[in-house]
Amino acid sequence: MRRFQLFAFLLLCSTLAQAQGLPIYKIYRFHSGNFNQGGAEHHAFDPLSKRLFSSNAAQAQFDILRIADLSKAGPIASIDLSAYGDRVNSIAVQGNNVAVAVQASFAQSDGKVLFFDTNGTYINQLVVGPKPKMLSFSPSLQHLVVANEGIPSDDYSIDPAGTVSIINFSSGRADNLSQADVQTVSFARYDTLPFDPKVLILGDNGNASFSEDVEPEHLAFNDAGNKVYVSLQENNALAIIDLQTASLDTVVGLGYKDYNLPGMGLDASDQSSSIKIENHFNLFGLYQPKAISYHSDASGSYILSANEGESRNYSAFTDNERINNVNLNPIVFNSPSTLQNDTVLGRLRINTGIGNYNNPFIYDSLFTFGSRSFSIWNTSGQLIWDSGDEFEQTLSSLEAMNFNSSATSNNSFKISSPEKGAEPKAICTGTYGGSNYAFIALEQMGGIMIYNIDNPAAPVFDSYLLDRDFSVAASDSAAGDLGPEFMSYIKASDSPSGLPLLLVSNGVSGTLTIYQIGSGLSLNEEQWEALQAYPNPTSGPLSLSTKSSFKLYNSQGQYLGSFKNRDHIDLSVYAKGYYFLKSEDGASLRVLKN
């Protein structure tokens, strides 16, 4: 044990940018077989039945997987939902009740919440608002909450109000629920009353009302389960709802980041041949989080956000344009023609509804969609910390050849730079070894950024986990996980293996992947005593304390090769990061290549 602790301490003191390296290993992947069709966008785990439920929008179904024994994980059944609606958007489970959010064939019509047992047998259904985007059971188990996005029709002739449905689930049973158990939280208060000016109400060329324009996306509950926080992505805002009274507390605008500040740069062009993470005057990023997560510790309570960004693209209204297609104020901007060059800012997309304060056809400030970061806020929506340009800096170091790639193409260097960058989309938190971690998935680039958040005011980058093979076509099943949409963290006490799990749903590859934390490759603390290596960290050459045969794995558990009767190995040909040597007698060792 002492030697393991010393090794961990030496890793902590390493100057390598990848820092500590939370022990996390892929142990199972489910393939839905649907590429770029939403074959696995959302999931829910039931600790009682040890079953995993995965939404499949491509097939209008949800898939049931057994994971009681992770070495024998696999699908059990698929439940067809096509008779109930057009698209499966979200899934949640509590007790023997599986709740599924299904939107209507006509997206502006009311959606449904369907209830099944964990075997997939139908129980009940309730009507909720248009396009139910996400649903989740509260920690108190008293409520099932549904975020109803309420998107407009393409011609904006119909724009249903965004709402939040609160279903009374205090009985713990779905079979006795009726429509009377559904309460709807409206945003109509702000149709007539003043609201936070940082909340963007720009839809339908500014003609939409507040309640029509808000589009609830993602939910996060406080620990007591009496408050739910709702991301309003397009509106760059956070709604706070009281569950006990089923009423709206407030809506808080999240503001923007300044791309001209140190540590707040971005790579803005897909036309420049090299990575250029730079600052720019009067360029700002709207946070516009997709996913949010609640976290509390001794220091307080916080909301974490994955700041993806989102534009509106309808035939009747579009709010985005490239900078080279708008007019810049020559008094404010120095040399607009230079800025609008395709290799500088010309290709970057901005929100056309703001920044043109004095003249609707001339822009004094430029606002991008999303901030290419994750943020930590207090529960009043005040910014505590933002990761700035750390994601792009990390990708430029670890994945320079594939920097800001697209989720749907493996030959797409920097293609997402003028859009929303790597697109932080999903986020969750978890605890391991007495420390708190945030996991942020990048939709376009793929992979998961991991941060230690023991100090929410100053998180520390831990590692970047990428399971993507750029050498094959993105549509190839061997390409790995593409387009992560949703993540959840399963604590050790609920996990079938007794160790924490990170579950990741990937919409583009149609895969659901399980990572285990704290083990993998059958490692345990005592095994570190048996095999030693030096120097560790190493730039390449590595000597071993005893001659033996062993196998080499990367940090994702991928097998790299076998070595027979060796007391040395050269890692020079491998990328920077953590590797594992496992001998024939079971001894294992983690080494660091810098």
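Looking at A174, A188, which one is at negative phi, surrounded by 21 or more Cβ atoms within 10 Å (Cβ to Cβ) and of a type outside the set (K, R)?
A174
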- Determine whether region 66-79 contains at least one residue that is outside any loop (DSSP other than H, G, I, E, B), surrounded by 24 or more Cβ atoms within 10 Å (Cβ to Cβ) and of a type in the set (V, I, T). no
Those residues of region 458-473 which are of a type in the set (D, E) and part of a loop (DSSP other than H, G, I, E, B) amount to D467, D469
Of those in region 146-171 that are surrounded by 18 or more Cβ atoms within 10 Å (Cβ to Cβ) and in contact with a Ser or Thr (Cβ under 6 Å, 6 or more places away or on another chain), the residue farthest from S90 (Cα to Cα) is A161
Note to self: Looking for something within 25 Å of the chain's Cα centre (by Cα), free of Cβ contacts under 8 Å to residues at least 60 places away in the same chain, under 30 Å from D155 (Cα atoms) and surrounded by 16 or more Cβ atoms within 10 Å (Cβ to Cβ) - is there at least one such residue anywhere in region 339-355?
What the structure shows: yes
Matching residues in region 20-73 (aliphatic (A, V, I, L, M) and either in contact with a His (Cβ under 6 Å, 6 or more places away or on another chain) or within 21 Å of N89 (Cβ to Cβ) (or both)) number 8
- Condition met for V504 (in contact with a Leu (Cβ under 9 Å, 6 or more places away or on another chain) and either part of a strand (DSSP E or B) or among the aromatic types (F, W, Y) (or both)): yes
**Residue check for S509: assigned to a loop (DSSP other than H, G, I, E, B), among the polar types (S, T, N, Q) and modelled with pLDDT of 95 or more** = yes
Within region 216-239, the count of residues that are among the small types (G, A, S) and not in a loop (DSSP other than H, G, I, E, B) comes to 4
Checked T368, T352, T338 against criteria (in contact with a Gly (Cβ under 8 Å, 6 or more places away or on another chain) and either at pLDDT 95 or above or of a type in the set (S, T, Y) (or both)); the one match is T368
Going through (1) closer than 19 Å to L248 by Cβ; (2) surrounded by fewer than 16 Cβ atoms within 10 Å (Cβ to Cβ); (3) of a type outside the set (A, V, I, L, M, F, W, C) one by one, P132 fails only at (2)
Filter region 532-553 for residues that are small (G, A, S) and assigned to a strand (DSSP E or B); the one that is nearest to L589 (Cα to Cα) is A533
Note on region 143-194: residues within 27 Å of F106 (Cα to Cα), assigned to a loop (DSSP other than H, G, I, E, B) and of a type in the set (A, V, I, L, M, F, W, C) are I151, I158, A161, A174, L177, F187, A188
Note on region 124-144: residues within 20 Å of the chain's Cα centre (by Cα) and among the hydrophobic types (A, V, I, L, M, F, W, C) are M134, L135, F137
Exercise. For A92, state whether it is in the same structural domain as N148 (by TED's automatic domain parsing) and either over 17 Å from H42 (Cα atoms) or among the aliphatic types (A, V, I, L, M) (or both).
Key: yes
Filtering region 216-243 down to residues that are of a type in the set (S, T, N, Q) and either crowded, with 23+ Cβ neighbours inside 10 Å or over 20 Å from A92 (Cβ atoms) (or both) yields S231, Q233, N235, N236
Examine region 474-494 for a residue that is part of a strand (DSSP E or B), at positive phi and modelled with pLDDT of 95 or more, and state whether such a residue exists. yes
Only one of I362, I323, I303, I292 is without any contact (Cβ under 8 Å) to a residue 40 or more places away in the chain, among the hydrophobic types (A, V, I, L, M, F, W, C) and on the phi < 0 side of the Ramachandran plot, namely I362
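When you go through Q103, Q59, Q94 one by one, which is the residue that is in contact with a Lys or Arg (Cβ under 6 Å, 6 or more places away or on another chain) and either more than 20 Å from A441 (Cβ to Cβ) or crowded, with 16+ Cβ neighbours inside 10 Å (or both)?
The unique qualifying residue is Q103.
Yes or no, residue by residue, for (1) assigned by TED's automatic domain parsing to the domain that holds Y578; (2) crowded, with 22+ Cβ neighbours inside 10 Å; (3) not in a strand (DSSP E or B):
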position	(1), (2), (3)
F439	no, yes, no
Q444	no, yes, yes
Y451	no, yes, no
N455	no, no, yes
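The values are calculated or read from the model by the stated rules, or taken from the named source; none is laboratory data. Being a predicted model, the structure only gives us computed values, none of them experimental. When we count neighbours, we look across all protein chains shown, and the Cβ atoms used for this are built from the backbone with ideal geometry, even at glycine.
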